[in-house]
1. Out of the range 93-104, which residues are touching a residue at least 24 places away in the same chain (Cβ under 8 Å) and of a type outside the set (D, E)?
2. All but one of (1) part of a loop (DSSP other than H, G, I, E, B); (2) at pLDDT 60 or above hold for E171; which doesn't?
3. Looking only at the range 8-63, count every residue that is within 26 Å of Y107 (Cα to Cα) and touching an Asp or Glu at 6+ places or on another chain (Cβ under 6 Å) and tell me the total.
4. Scan (1) modelled with pLDDT of 85 or more; (2) surrounded by fewer than 19 Cβ atoms within 10 Å (Cβ to Cβ); (3) within 19 Å of L162 (Cβ to Cβ) for the single condition A54 breaks and write down its number.
5. Restricting the range 1-18 to residues that are without any contact (Cβ under 8 Å) to a residue 24 or more places away in the chain and farther than 13 Å from W87 by Cα, which is surrounded by the most Cβ atoms within 10 Å (Cβ to Cβ)?
6. Conditions: (1) crowded, with 16+ Cβ neighbours inside 10 Å; (2) at pLDDT below 75. N91 meets all but one. Number of the miss?
7. Six or more apart or on different chains, Cβ under 9 Å: which pairs go from a residue in the range 105-118 that's on the phi < 0 side of the Ramachandran plot to one that's hydrophobic (A, V, I, L, M, F, W, C) and surrounded by fewer than 15 Cβ atoms within 10 Å (Cβ to Cβ)? Could you list them?
8. Within the range 92-112, can one find any residue that is within 27 Å of I154 (Cβ to Cβ) and either in a helix (DSSP H, G or I) or not acidic (D, E) (or both)?
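The values are calculated or read from the model by the stated rules, or taken from the named source; none is laboratory data. All figures in this text were calculated on a predicted structure; none of them were measured in a lab. Cβ coordinates were reconstructed from backbone atoms using ideal geometry, including for glycine residues, and neighbour counts include every protein chain displayed.
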Amino acid sequence: MSVAMHLTQVYPIMIATAGSINTDNLTLFDAHFAVAVTASPVSFYLVYSCVRDAIGRPNILFSKLRRESGPATNIIRAFGLALPILWLGVNLTISFSPHAFKDSHLYCKEMTFARWLEFQTASNFVGVLDVMGRRDIWNDLSGRGGLGAICLAIMWVWAVYLVRHRKDIYEEIRFRRSDVARARAPWFARKWRFLQDIPASGW
């Protein structure tokens, strides 16, 4: 099950990071990277679905999970609801504690809530700016017209779309592969068309 696999990836990262607090095994950058990598669109969608299921709202993900997993769905919902609490607890600790990691005393002594919010925006939601050369949000807005932020917003929307419509995408791939003419094509041609179908089926 993909949801269970995602939880088995995210929780060990968060638990290991929490267990490394005050042990001098990680640097502050390592800890922030672990926190940032778990704040993915998939994690966001899972937590959102867990909240909707907990309050009794219609939910496509959990409707499918109940058909496939039965009672195990309650365990998945519990872990999904606990994830943001664990994430926030670890995040606040590594951001404000000057003794949590090796070099925390260099950066955390003067940390304020406003600076923490700015850093979360930059590291978790506008991290694509690093790839484009800078993390300065205002520089991105004034120097590049917000191109970095726009690119990241598009990637987030696209990732959520792929997760929510994965069944439709799979059916589209199966439909494309059922083409009779394609079945008679050479082996390498069929493989090449299959590689083309994967991104094309998501549009």
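1. Restricting attention to the range 93-104, the residues satisfying the condition of being touching a residue at least 24 places away in the same chain (Cβ under 8 Å) are 93-95, 97, 99-104.
Answer for the range 93-104, where residues must be touching a residue at least 24 places away in the same chain (Cβ under 8 Å) and of a type outside the set (D, E): T93, I94, S95, S97, H99, A100, F101, K102, S104.
2. Going through the list (1) part of a loop (DSSP other than H, G, I, E, B); (2) at pLDDT 60 or above, E171 breaks only (1).
3. Counting residues in the range 8-63 that are within 26 Å of Y107 (Cα to Cα) and touching an Asp or Glu at 6+ places or on another chain (Cβ under 6 Å) gives 2.
4. With respect to (1) modelled with pLDDT of 85 or more; (2) surrounded by fewer than 19 Cβ atoms within 10 Å (Cβ to Cβ); (3) within 19 Å of L162 (Cβ to Cβ), A54 is out only on (3).
5. Only one residue fits best here, namely Q9.
6. (2)
7. W116/L92
8. As a first pass, look at the range 92-112 and keep what is within 27 Å of I154 (Cβ to Cβ): none.
No, the range 92-112 contains no residue that is within 27 Å of I154 (Cβ to Cβ) and either in a helix (DSSP H, G or I) or not acidic (D, E) (or both).
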